[in-house]
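What follows is a single structure, written as structure tokens, with notes after it.
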Amino acid sequence: MINKFDFDEGKIPSIEPDRQYFFIEEVKKKIKNIESDIGHPLTYCVTTFGCQMNARDSEKLEGILKEVGFVKESEEAADFVIFNTCTVRENANDKLYGRLGRLKSSKKTNPHKMIALCGCMMQEPSVIEKIKQSYHYVDLIFGTHNIYKFAELLYYSLISDRVVIDILKDTDKIVENLPVERKYPFKSGVNIMFGCNNFCSYCIVPYVRGRERSREPEAIIKEIKSLVADGVTEIMLLGQNVNSYGKNLDNPITFAKLLEEVEKVEGLKRIRFMTSHPKDLSDELIEVMSKSKKICKQLHLPVQSGSDNILKKMNRHYSKESYLELVSKLRKKVPDIEFTTDIIVGFPGETEEDFLETLDLIKKVRYISVFTFIYSKRTGTPAATMENQVDEDIIKDRFNRLLKEVSQIGNEETCKYQGKTYEALVEGISEHDPSLASGRLSNNVLVHFKGNSELIGQYVNVSLDECKGFYFMGSLV
Ligand code: 5AD
Ligand code: SF4
């Protein structure tokens, strides 16, 4: 049951984000009361599964939590644990249930323990049913479309003795200007659009993230300027399909034009973006990339398969040949660009010949790094009911052959830089050796070198002395 509000309901602002700022103040009061009862600050832990979009969403959740007075803690010890979930593959779901199960006992020993679930998995009705039945100790559940309402939902949860569930099927709303707690002071993700209209036949994302919605370019530029004023020099523009950015705005604009505007932001040094769909990557964009001084020399261009037959069944709208042409056009116009990709093994109906086409494509493109996935059947997607689901043993064999090929090519592509000197953005201190700093080159290659924490956030020139496969040991020059 939800208890009465502490205030007159008529006082709640109806427009956003004012409404959320109102609830932030109300939650603050509640947290203060609890803290004075227990004699120490309440703590939180946000655990993120999945992609960069989720990572950025979690920074927004942490922004609210810090604002209302929570302090960061480990998952085991935290009073408030939030799982920001992913559902792109089945094993991501299994991981969540495992983690949830382990929290059950700590709920008994800590009377203030709260558990919240949000993100893509919560957009699936079957998941909500399962949690209601088997995990009744969860306090708050919300989805991807109302993450901006977190402060309000947190308030409801604090005054309720039952689980609070708020899931929207879809939205056309974009709420800006709420607090954000960034993981890194010097680099940040920036959402430019939400949702996806592509409906690749294996993919659940369009069902859980809804239709494409682009942010206004002015709002994006304003956010980037304020990030730069706050010390950020590298940004990653985020969207499920950035190449179709701006098409649905009242004043349509292309992604290439947006990039030109971003390039002009003074003080910004590096621009990355993901994810690009090959079918929408325009000549205009290639032109902008070729002229840019800030766009990084790395492009994530998911191919998924090298077989025309499978690409068609995946609803990807390009062929192996057109993909290879795109790669060669980009290589001509943007020298030194490195490609990364996603590949799915074992899509329904994939034959040995289809798989060999994928291996052939990999050899032709020579990716510096590849994210390899075993096909996962997602209920509700067209591929889930396709005939000829591939046998598990065959998939495993193909997956191993694929890994061998991509790691060999990836190492060769990385090691070709040995002996050269490049500018690296120093991101942190090595976890394995505190005398080493770690930095990333424009092409995203990792290098470790003697250095201290004072260098973090700086751009330094590093000589790539010794290739270790997918990274380098280097030295400052
Ligand atoms: N099974 C396996 N991999 C998938 N991906 C998306 N849906 C599935 C699925 N059902 C992969 C794609 C996508 C990446 C983010 O996840 O390769 O590019
Ligand atoms: Fe999924 Fe395809 Fe959209 Fe990417 S482009 S999110 S793979 S439907």
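Of all residues in the stretch 458-465, none are within 30 Å of F373 (Cα to Cα) and open to solvent by less than 70 Å² (accessible area, probe 1.4 Å).
Residues that are aliphatic (A, V, I, L, M): list the helices (runs of 4 or more DSSP H) wholly contained in the stretch 246-325 that include at least 3 such residues.
Values: elements: 255-263, 283-291, 308-313.
Fully inside the stretch 246-325 and qualifying: 255-263, 283-291.
Is it true that E26 is modelled with pLDDT under 90 and not in a strand (DSSP E or B)? I'd like the intermediate steps shown before the answer.
Values: modelled with pLDDT under 90: no; not in a strand (DSSP E or B): yes.
No; evaluated as a whole, the condition is false for this residue.
Before we move on, is G346 at positive phi, open to solvent by less than 10 Å² (accessible area, probe 1.4 Å), out of contact with any Gly (no Cβ under 9 Å at 6 or more places or on another chain) and not polar (S, T, N, Q)? In short, yes. Quick one: in the stretch 47-74, which of the residues that are open to solvent by 20 Å² or more (accessible area, probe 1.4 Å) and of a type in the set (A, V, I, L, M) is farthest from the chain's Cα centre (by Cα)? Looking at residues that are open to solvent by 20 Å² or more (accessible area, probe 1.4 Å) and of a type in the set (A, V, I, L, M), I get V71. Taking the numbered list (1) more than 16 Å from ligand 1 (Cβ to nearest atom); (2) at pLDDT below 95; (3) surrounded by fewer than 13 Cβ atoms within 10 Å (Cβ to Cβ) in turn, T379 passes all entries but (1).
Just give me the residues in the stretch 169-209 being under 16 Å from the mean Cα position of the chain (by Cα), of a type in the set (D, E, K, R) and within 16 Å of ligand 2 (Cβ to nearest atom), in sequence order.
Within the stretch 169-209, the first condition is being under 16 Å from the mean Cα position of the chain (by Cα), and the residues that meet it are 180-184, 187-196, 203-206, 208-209.
Now narrow it down to the ones that are of a type in the set (D, E, K, R): 181-183, 187, 209.
Matches in the stretch 169-209: R209 only.
Considering the stretch 75-99, and only residues there that are in contact (Cβ under 8 Å) with a residue 40 or more places away in the chain and in a helix (DSSP H, G or I), the residue that is surrounded by the most Cβ atoms within 10 Å (Cβ to Cβ) turns out to be L96.
All of (1) open to solvent by 30 Å² or more (accessible area, probe 1.4 Å); (2) within 16 Å of ligand 1 (Cβ to nearest atom); (3) within 16 Å of the chain's Cα centre (by Cα) hold for G119 with one exception: (1). The sole residue among T351, T372 that is under 23 Å from the mean Cα position of the chain (by Cα) and surrounded by fewer than 19 Cβ atoms within 10 Å (Cβ to Cβ) is T372. The sole residue among E212, E234 that is open to solvent by less than 30 Å² (accessible area, probe 1.4 Å), free of Cβ contacts under 8 Å to residues at least 40 places away in the same chain and under 20 Å from the mean Cα position of the chain (by Cα) is E212. Look at the stretch 354-376: where a residue is over 13 Å from L324 (Cβ atoms) and a partner is acidic (D, E) and away from ligand 2 (no atom under 16 Å from the Cβ), sitting 6+ places away or on another chain with Cβ atoms under 7 Å, you get L359/E405; I368/E338; I368/E413.
Considering the stretch 320-341, and only residues there that are crowded, with 16+ Cβ neighbours inside 10 Å and of a type in the set (S, T, N, Q), the residue that is farthest from ligand 1 (Cβ to nearest atom) turns out to be T340.
From the list L299, L311, exactly one residue is without any contact (Cβ under 8 Å) to a residue 40 or more places away in the chain, under 22 Å from C196 (Cβ atoms) and within 16 Å of ligand 2 (Cβ to nearest atom). Which is it?
Details: L299 fails: without any contact (Cβ under 8 Å) to a residue 40 or more places away in the chain.
L311 is the lone residue from the list that is without any contact (Cβ under 8 Å) to a residue 40 or more places away in the chain, under 22 Å from C196 (Cβ atoms) and within 16 Å of ligand 2 (Cβ to nearest atom).
Whether any residue in the stretch 163-177 is away from ligand 1 (no atom under 16 Å from the Cβ) and open to solvent by less than 10 Å² (accessible area, probe 1.4 Å) is what I want to check. It would help to see each step written out before you state the result.
Kept after step one, since they are away from ligand 1 (no atom under 16 Å from the Cβ), are these residues of the stretch 163-177: 163-177.
Filter once more, so that each one left must be open to solvent by less than 10 Å² (accessible area, probe 1.4 Å): none.
Among the residues of the stretch 163-177, not one is away from ligand 1 (no atom under 16 Å from the Cβ) and open to solvent by less than 10 Å² (accessible area, probe 1.4 Å), which makes the answer no.
Looking for something touching a residue at least 12 places away in the same chain (Cβ under 8 Å), on the phi < 0 side of the Ramachandran plot, open to solvent by 70 Å² or more (accessible area, probe 1.4 Å) and hydroxyl-bearing (S, T, Y) - is there at least one such residue anywhere in the stretch 399-411? The answer is no, given that none of the residues of the stretch 399-411 is touching a residue at least 12 places away in the same chain (Cβ under 8 Å), on the phi < 0 side of the Ramachandran plot, open to solvent by 70 Å² or more (accessible area, probe 1.4 Å) and hydroxyl-bearing (S, T, Y). Taken together, E26, E67, E62 contain a single residue that is over 24 Å from E223 (Cβ atoms) and touching a residue at least 12 places away in the same chain (Cβ under 8 Å), which is E26.
Just give me the residues in the stretch 110-140 being of a type in the set (G, A, S) and more than 19 Å from T47 (Cα to Cα), in sequence order. Don't jump to the end; show me each part of the working.
If we filter the stretch 110-140 for residues that are of a type in the set (G, A, S), which is where we start, we get 116, 119, 126, 134.
Scanning the stretch 110-140 gives S126, S134.
The residue that is most open to solvent (accessible area, probe 1.4 Å), among those in the stretch 382-397 that are under 27 Å from the mean Cα position of the chain (by Cα) and of a type outside the set (A, V, I, L, M), is K396.
May I ask you to list the residues in the stretch 1-23 that are within 20 Å of N146 (Cα to Cα) and in a helix (DSSP H, G or I)? D18, R19, Q20, Y21, F22, F23 - these are the residues of the stretch 1-23 that are within 20 Å of N146 (Cα to Cα) and in a helix (DSSP H, G or I). The sole residue among K225, K279 that is touching a His at 6+ places or on another chain (Cβ under 9 Å), open to solvent by 10 Å² or more (accessible area, probe 1.4 Å) and either of a type in the set (K, R) or under 26 Å from P185 (Cα atoms) (or both) is K279.
The values are calculated or read from the model by the stated rules, or taken from the named source; none is laboratory data. Just so it is clear, the structure is predicted and the values come from calculations on it, not from any experiment. So basically every Cβ, Gly included, is an ideal-geometry build from the backbone, and we count neighbours across all protein chains shown. Only protein heavy atoms, including side chains, enter the accessible area calculation; ligands, DNA and RNA are left aside. Shrake-Rupley method; radii C 1.70, N 1.55, O 1.52, S 1.80 Å.
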